[in-house]
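**Student:** Before we start, here is the structure in question, set down as C-alpha cells.
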C-alpha cells in the first residue's frame, strides 16, 4: 500500500469513530449520567379491572418516588374520567374534580398536573362514567410522571 492510501484510510477511520461518538452523545442528551435512565419519564403506577357497576375505584401506589403529573389509560372499553382524589404518603389529600375526559379504548386521558412540588403518592381514587365504546369490562391503568434529579 502506498503512504497516501494508508494516511487516507486512517483519517477516514478517525472521522467515522468521531461521528459515532457524536451520535452516541446526542442520543444520551436526555439521560442521567448515573445509570443511563431518562431524567424524566412516565411510569405505570398500577392497573385495575373496572366492571362499570359502580362509579368509583381506587388504586394503591407502591412506587415510592415523587410524581408531579398523572394520566390514565383505558383498555377494553371506553369511559369518562370525571375526577380523582390523590392521597399522598404524608397523609394529605388533594381532589381534582371536573376532569370530564372522554376516553376511548386504548386512549390516554389528558394529563393531570398536580399542584405544588412533586410528592410521593400512596393511593389514587378515581370517578368514572358508564362504559362507552366496546363491551364487557375495562382495564384502567394509572401513570405518573417522575422527575429524576441528577
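**Student:** Out of every Cα pair in the stretch 40-147, what percent are spaced more than 17 Å from each other?
**Tutor:** Result for the distance tail: 47 percent.
**Student:** Same structure, new question: Just want to confirm a number: the relative contact order over the stretch 40-147, from Cα pairs under 8 angstrom separated by 6+ residues, in percent.
**Tutor:** 49
**Student:** Further question on the same structure: Rounded to two decimals, what is the ratio between the C-alpha radius of gyration of the stretch 88-146 and 2.2 N^0.38 Å?
**Tutor:** Cα-based Rg divided by the globular estimate yields 1.30.
**Student:** Any idea how far apart residue 113 and residue 92 come out in nm if each label point goes 7 Å out from Cα toward Cβ?
**Tutor:** Modelled inter-label distance: 1.8 nm.
Read-outs: derived from the displayed coordinates by stated rules, not from any lab. In this text the structure is predicted, and so the values were computed from the model without any measurement. Ideal geometry is used to build each Cβ from the backbone, glycine not excepted, and the neighbour counts take in all protein chains shown.
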